[in-house]
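Derivation of every value follows stated rules applied to the coordinates shown; laboratory data play no part. For clarity, every value in this text was computed on a predicted model and none was experimentally measured. We place every Cβ from the backbone using ideal geometry, glycine too, and count neighbours over all the protein chains shown.
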There are 2 protein chains.
Amino acid sequence: MKIGLLGIGTVGTGVYEIINGEKGNYFANTEEKVHITKVLVRDIHKNRKTQIPSEIMTDNFDDIINDDEIEAIIFVMGGMEPEYSYMLKAIERKKHIITANKAIVSEYLDVLLKKAEENNVMFLFEASVGGGIPIITSLKETLKINRIDEIKGILNGTTNFILSKMAGEGKDFGEVLKTAQELGFAEADPTADVDGYDVSRKLSILSSLAFGSHIKDEDIYKRGIRDVTKADMEMFSDLGYVLKFIAHSKLENGEYCASVEPILLSSKNIMSNVNEEYNIVSIHGNIIGELQFYGKGAGKNATANAVVGDLLYIINNEYRKEDIHLKNKVISRGIDKFSGKYYLRVDVSNHDQFSQVIDLIDSYSKFKKMMVNKDRIFVVTEEINANVFNELTATLKEKGNKLFYARIE
Amino acid sequence: MKIGLLGIGTVGTGVYEIINGEKGNYFANTEEKVHITKVLVRDIHKNRKTQIPSEIMTDNFDDIINDDEIEAIIFVMGGMEPEYSYMLKAIERKKHIITANKAIVSEYLDVLLKKAEENNVMFLFEASVGGGIPIITSLKETLKINRIDEIKGILNGTTNFILSKMAGEGKDFGEVLKTAQELGFAEADPTADVDGYDVSRKLSILSSLAFGSHIKDEDIYKRGIRDVTKADMEMFSDLGYVLKFIAHSKLENGEYCASVEPILLSSKNIMSNVNEEYNIVSIHGNIIGELQFYGKGAGKNATANAVVGDLLYIINNEYRKEDIHLKNKVISRGIDKFSGKYYLRVDVSNHDQFSQVIDLIDSYSKFKKMMVNKDRIFVVTEEINANVFNELTATLKEKGNKLFYARIE
């Protein structure tokens, strides 16, 4: 089968190397060969370190779309445009699509699945969530037999690296972020990672498949991890908790809640021991119960492995309609179905402020525990609804208090 | 598609209920229906609590094998014979096979795969390892792109339940085993579970697929968990370790080691937090890195889900040859490639014995730590080869010492 490749960055290079490296059973035993015959790049004259022959490079997408021998196109460019327009054109020209682009999949999943079905081609996106973890495939397989009502996981390597290092080395957020940036684990602008936009796109994709309805990124509650401090981390350790940046969605009677926020887990929770750049996803099916999948959430080889896995699926299977349909009617309930005990740290600068803060918290919830250390109040509340607790913290912020909080699960 | 079902115990009943319950996308959306048209039972007159119509039951296997409309047979009877002979006959009659029988798969995997290929039928056995965890499918998919050189996991719910309870509730082995038996989590004769025979069959199946060579049960080193005591468990907790019953196989340059034995994991290890009846499997591929899969290792619905998953694979795919071949030449090196620090507890009854034991241990390894509590010596050794350490413990046992030991990972 002849393949077009759009983008020859880290993942694209990895894909090229796997296909031409002849590792694993498929590439070792098969007689049918897979050939990448065209590679789209922005600048064909740029000096590259890859082994890719220059004669297969082009800077013109039409060279690929008009090549009738190319049956499948791999999209690993990143960005919304022109990639999305190219995808639509490619589907119209009856080419199978494989992509790692979570932004496009999250935003246009319904359109792309429908268009692929109309044109009898496959639209596959395993690499868009969880790097090398085979979560999309596993989710689809599980859904054939089960209804899935809950998804939970750690889906961002950068923030998991930051939280692991803060917990392990007793350093502050800014310091660890800087290290992560120097090591290339975090972007110069870390917003997409640390404020939850990357994770919520991934949760949007998984929840859409699981709940059978297009759950859009904007319907997912997001709260980042910028405000957590060394003092918080020490307190978590004393209390037997581990802070993780958790994506979570839940469906009940046609209503769903979906959130991306810092959550305190018991140190006995499996996810508490998922560190550094690793990801984990838990799904719950009505028959199979809970399944969890763990692996490298990013990186050249793991992500390229997911892309090539999709490609082999296309090569090894006749085209057939997806079992996945986004036709269910579900209603967003924000974060209204989430509740639990909360950890809250508020910085105070004098005695009056101290009393005001205590009184305000007390008006929302009794304390299970309270500790005071210099100019910081640490509280663990009784069980309280997530929306109600957000009201409390919004009020505290309005009054100018610096704080951090996380629900305990 | 019409199906024959051999065995209507717990898993068989679960399979029947899933297929006729119309849950999940496949059974909800498909027009092609799956029908179990014949069920083999030992006694058709026995009173059963299931909803299965008596007219589809038979006590004669020929009724199923001679039914040309039946395209696939599900084997969930347990036991080697007559099930294995039935399987061979069914393959000869061009029927696809799905089985949960790990004893047969472990013993005859090479014969059955070859025979299935000769007869152009599928031989699938997802339910034979790890209950509802999709480990066989995931392993096959990973192998298409990767070479797999290591498998590690918790593969037995009964022993994991026992170890979890011992650690959590401070009870002794015998006491917890009795509870497990009363709750139906352990058999009246617990040998297969607690001495590792159940786990080693599962490791044999996974290792055979991973290493591309039939690794037989008898080539796997087994050491059970009967000798662990409450005193050991308290010591593990103090030292920051968790004891798990671990299956482990490793391939290096065509030589493999495979073992089933109690292992001490850091409490920060993901597997340390896998409790009760849950299982976990880790695989390591040369491209994808480490993947882990977690879920219910046994039980009616989880195992039945795995069986029905295999059935849907047959229904949804044209027959094609397996990518899996057991043609590699690999040599067993026993446990020679395993080494590490060891925990060792030896009971002593007087001062002379105390000195002898200490001298003997000292002649094998320097102590990293030594503690004495009443009539027990607890030692943590330097790194030492697994075979060498087994020599030491064999000598201690010959001298009549009661002991327990586990490698630290």
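For A:Arg147, what residues show an amide H to amide H distance below 5 Å, using hydrogens built from the backbone and excluding near sequence neighbours?
A:Asn286, A:Ile287, B:Gly24
Among B:Met122, A:Pro82, A:Asn119, pick out the residue whose Cα is farthest towards the positive end of the charge dipole of the protein assembly as shown, where Lys and Arg carry +1 and Asp and Glu carry -1 on C-beta, about the Cα centre.
A:Pro82
Let me test this: with uniform point scatterers at the alpha carbons of the protein assembly as shown, what is the Debye-based log₁₀ I(q)/I(0) at q = 0.05, 0.06, 0.07, 0.11 1/Å?
With one equal scatterer per Cα and no solvent, log10 I(q)/I(0) is -0.29, -0.43, -0.59, -1.37.
Under 21 Å Cα to Cα from B:Lys369, which lysines show up? Leave out anything in the same chain fewer than 8 places away.
Result set, ordered by chain and number: B:Lys230, B:Lys268, B:Lys341, B:Lys402.
Quick one: label points 7 angstrom along Cα→Cβ at A:Glu318, distances to the other copies in nm, smallest first?
Once sorted, the set of distances for A:Glu318 reads 0.5 nm.
Would you pull out the residues with amide H under 5 Å of B:Leu5's amide H, same chain only if 5 or more places away, H placed 1.01 Å from N?
Residues meeting the criterion, in which the H sits 1.01 Å from N, are B:Lys38, B:Val39, B:Leu40, B:Ile74.
How long are the three semi-axes of the equivalent ellipsoid of segment B:110-245, in whole Å, if each is the root of 5 times an eigenvalue of the C-alpha gyration tensor, listed from largest down?
34, 17, 13
For segment B:224-309, what mean projected area does the convex hull of the alpha carbons give, in nm²? Don't skip to the answer; put the middle values down first.
Details: hull surface 32.5 nm².
Quarter of the Cα hull surface area: 8.1 nm².
Using a simple spin-label model with points 7 Å from Cα along the Cα→Cβ vector, what separation in nm is obtained for B:Gln181 and A:Gln181?
6.4
Quick one: give the max-minus-min coordinate of the C-alpha atoms of chain B along each principal axis, largest first, in Å.
Largest first, chain B extends 75, 48, 36 Å along its Cα principal axes.
Test of understanding: what is the full-extension gain from A:Lys89 to A:Lys268, defined as 0.36 nm times their sequence separation minus their Cα-Cα distance?
Residue separation times 0.36 nm, minus the Cα-Cα distance, leaves 59.5 nm.
On a C-alpha basis, how far is the centre of segment A:34-57 from the centre of segment B:152-182 in Å? Whole number, if you could?
Between the Cα centres of segment A:34-57 and segment B:152-182 lies a distance of 57 Å.
For segment B:168-183, take each phi angle, set θ = phi - 60°, evaluate the Karplus expression 6.51 cos²θ - 1.76 cosθ + 1.60, and give the result in whole Hz per residue in order, putting x for glycine and proline.
So the Karplus estimates, Gly and Pro as x, are x, 10, x, 9, 8, 3, x, 5, 5, 4, 4, 4, 4, 5, 5, 7 Hz.
For segment B:317-331, in order, what is each residue's ³J(HN,Hα) by Karplus, 6.51 cos²θ - 1.76 cosθ + 1.60 with θ = phi - 60°, in whole Hz (x at glycine and Pro)?
Each residue of segment B:317-331 in turn: 10, 5, 4, 8, 4, 5, 6, 7, 9, 9, 9, 5, 9, 10, 10 Hz.
Take the eigenvalues of the Cα gyration tensor for segment B:339-408, scale each by 5, and report the square roots as semi-axes in whole Å, largest first.
With the √(5λ) rule applied to segment B:339-408, the semi-axes are 18, 13, 10 Å.
Which one, B:Val260, B:Val39, B:Val357, has the greatest fluctuation when you compute a Gaussian network model over chain B with C-alpha springs under 10 angstrom?
Of B:Val260, B:Val39, B:Val357, the most mobile in the Gaussian network model is B:Val357.
Over all directions, how big on average is the projection of the convex hull of the alpha-carbon atoms in segment B:280-409, in square nanometres? Intermediate values should be presented prior to the final figure.
Details: hull surface 53.8 nm².
Over all viewing directions, segment B:280-409 projects a mean Cα-hull area of 13.4 nm².
Quick one: compute the contact order of chain A, relative version, from alpha carbon pairs under 8 angstrom and 6+ residues apart, as a percent. Before the final figure, lay out the partial values.
Values: 793 pairs, mean separation 69.4, N = 409.
Computed value for chain A: 17 percent relative contact order.
Measuring nothing but label to label, 7 Å from Cα along Cα→Cβ, what are A:Ile44's distances to the other copies in nm, shortest first?
Relative to the other copies, A:Ile44 has label-point distances of 7.4 nm.
Just to be sure I understand the model, the point goes 7 Å from the Cα along the line to the Cβ. What's the resulting B:Ala231 to A:Met1 distance in nm?
It is 6.3 nm.
For segment A:2-130, calculate the relative contact order in percent as a whole number, restricting contacts to Cα pairs under 8 Å that are 6 or more residues apart.
On the way: 181 pairs, mean separation 31.3, N = 129.
24 percent.
Return the percentage of antiparallel bridges among DSSP beta bridges fully within chain B, rounded to the nearest 5 %.
Around 65 percent antiparallel, to the nearest 5.
Nm distances between the label at A:Glu398 and the same-position labels in the remaining copies, 7 Å along Cα→Cβ, shortest first?
In ascending order, 8.1 nm.
Which value, in Å³ per residue, describes the convex hull spanned by the Cα atoms of segment B:2-132?
Enclosed volume per residue, from the Cα hull, is 115 Å³.
Counting each DSSP H run of 4 or more residues in chain B as -39500 (n - 2.57), what helix-only mean residue ellipticity at 222 nm follows after dividing by all residues, to the nearest 500 deg cm²/dmol?
-12000 deg cm²/dmol
So how far, in whole Å, is the C-alpha centre of segment A:288-339 from the one of segment B:59-79?
Computed from Cα coordinates, the inter-centre distance equals 35 Å.
In nm, to one decimal, how far is the B:His45 label point from the A:Ser363 one, both placed 7 Å along Cα→Cβ?
Each label point is offset 7 Å from its Cα along the Cβ direction, giving 7.9 nm.
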